[in-house]
Amino acid sequence: MIEPLSPAREAIKLAQLWRAVHGLTFPINAGALAQEWSRNVAPEAPIGELHAEELKGFEGGLFWLKERKVWALLYHPHPDVPGRSNFTVAHEFGHYVLHRKLKEAFQCSQNATLGITGARIEREADQFASYLLMPIDDYTHQVRGRRITLDLLGECADRYGVSLTAAILKWLEFTDQAAVAVMGREGMLHWWKASGSAKKYAFGMLQEGMELPSDSLAVNPGIAVSMADYRSGVEQPEGVWPMKLPVREMAVLSDRYDMSISLLILDTPGAEHPDAPDEDMTTTPPTF
Ligand SMILES: [Zn+2]
């Protein structure tokens, strides 16, 4: 049996290839890389078409065009959030690299590209996109020693050409800080993801479908976004969130999903405080 390709490993190889040519210039242009690489590696079946198209109910798609013997990669345009399109293109490129022998048509809805639930190949394509566009070595360098705020993660999202949501989820994968992202919709917890050191506090405490805590910003992101300091965080005392720890909570409406997203930085026992408030508290308008 042929070993299935590892999404992370394949994506890291391709990101290195891109960086060998373009150096440290970000973002990685997923579309350009997909076309160039596919022409070299599979000239008999390259990605011959790449364009934005209004796709009803779909974020992106990858289709084999039998007559022309090329693949077409389509993505829903988001002129206001260009990073969202780059991530979608990278996701479809992931299907091309990992799954093109399995199917001749991939149609990816917003939920399918959530990378949270759903089919294995959807999670794999999302993982591929995340590793391709946000190399962890570079990302670590960007945030080292800096206080984590939505502005900082937003800067990283811009650097990598991804949505703020994607940048938050990626940061959780490698940070040493205890942090949890909670996605909510209509007052209910829809999904959560914890950093490695926060898992033990969140497991058993956060459940899909539970009501969001009534004093959290997550329960009313509309109010959260009107607060001046919502992007750098509101200190919430122990007991607001079920982890039973004080947390610093930041909330935004997700730019990728129809949900709110709260980022909680947990004040765990014995944790250092690398994130004392900045002197620079400039209030730039939200860009997500
Ligand atoms: Zn997909």
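The values are calculated or read from the model by the stated rules, or taken from the named source; none is laboratory data. The model shown is predicted, which means the values in this text are computed figures rather than measured ones. Note that we place each Cβ from the backbone using ideal geometry, even for glycine, and neighbour counts take in every protein chain shown. SASA here: full protein model, heavy atoms, side chains in, ligands and nucleic acids out. Shrake-Rupley method; radii C 1.70, N 1.55, O 1.52, S 1.80 Å.
The residue list Pro277, Pro237, Pro269, Pro285 contains one member that is at pLDDT 70 or above and out of contact with any Pro (no Cβ under 6 Å at 6 or more places or on another chain), which is Pro269. The condition of being crowded, with 16+ Cβ neighbours inside 10 Å, at pLDDT 95 or above and more than 18 Å from Ala166 (Cβ to Cβ) holds for Leu50.
Among the residues that make up the stretch 165-185, is at least one of them out of contact with any Ser or Thr (no Cβ under 7 Å at 6 or more places or on another chain), under 23 Å from Gly270 (Cβ atoms), in contact (Cβ under 8 Å) with a residue 24 or more places away in the chain and open to solvent by 50 Å² or more (accessible area, probe 1.4 Å)? Among the residues of the stretch 165-185, at least one is out of contact with any Ser or Thr (no Cβ under 7 Å at 6 or more places or on another chain), under 23 Å from Gly270 (Cβ atoms), in contact (Cβ under 8 Å) with a residue 24 or more places away in the chain and open to solvent by 50 Å² or more (accessible area, probe 1.4 Å), which makes the answer yes.
Could you list, in sequence order, the residues of the stretch 49-78 that are within 13 Å of the ligand (Cβ to nearest atom) and either touching a Pro at 6+ places or on another chain (Cβ under 8 Å) or part of a strand (DSSP E or B) (or both)? Result: Gly60, Gly61, Leu62, Phe63, Leu73, Leu74, Tyr75.
Each residue in the stretch 84-121 was checked for being out of contact with any Asp or Glu (no Cβ under 7 Å at 6 or more places or on another chain), assigned to a helix (DSSP H, G or I), within 12 Å of the ligand (Cβ to nearest atom) and modelled with pLDDT under 90, and 2 of them qualify.
Here the stretch 181-220 is the region considered, the condition is being part of a strand (DSSP E or B) and among the hydrophobic types (A, V, I, L, M, F, W, C), and the residue that is modelled with the lowest pLDDT is Trp191. Kindly evaluate Lys244 against the criterion of being within 28 Å of Ala8 (Cα to Cα), basic (Lys, Arg) and open to solvent by 10 Å² or more (accessible area, probe 1.4 Å). In short, no. Among the numbered conditions (1) open to solvent by less than 30 Å² (accessible area, probe 1.4 Å); (2) modelled with pLDDT of 95 or more; (3) more than 16 Å from the ligand (Cβ to nearest atom); (4) under 20 Å from the mean Cα position of the chain (by Cα), the only one that Val81 does not meet is (2).
Scanning the stretch 137-160 for residues that are free of Cβ contacts under 8 Å to residues at least 24 places away in the same chain, outside any loop (DSSP other than H, G, I, E, B) and within 12 Å of the ligand (Cβ to nearest atom) turns up nothing.
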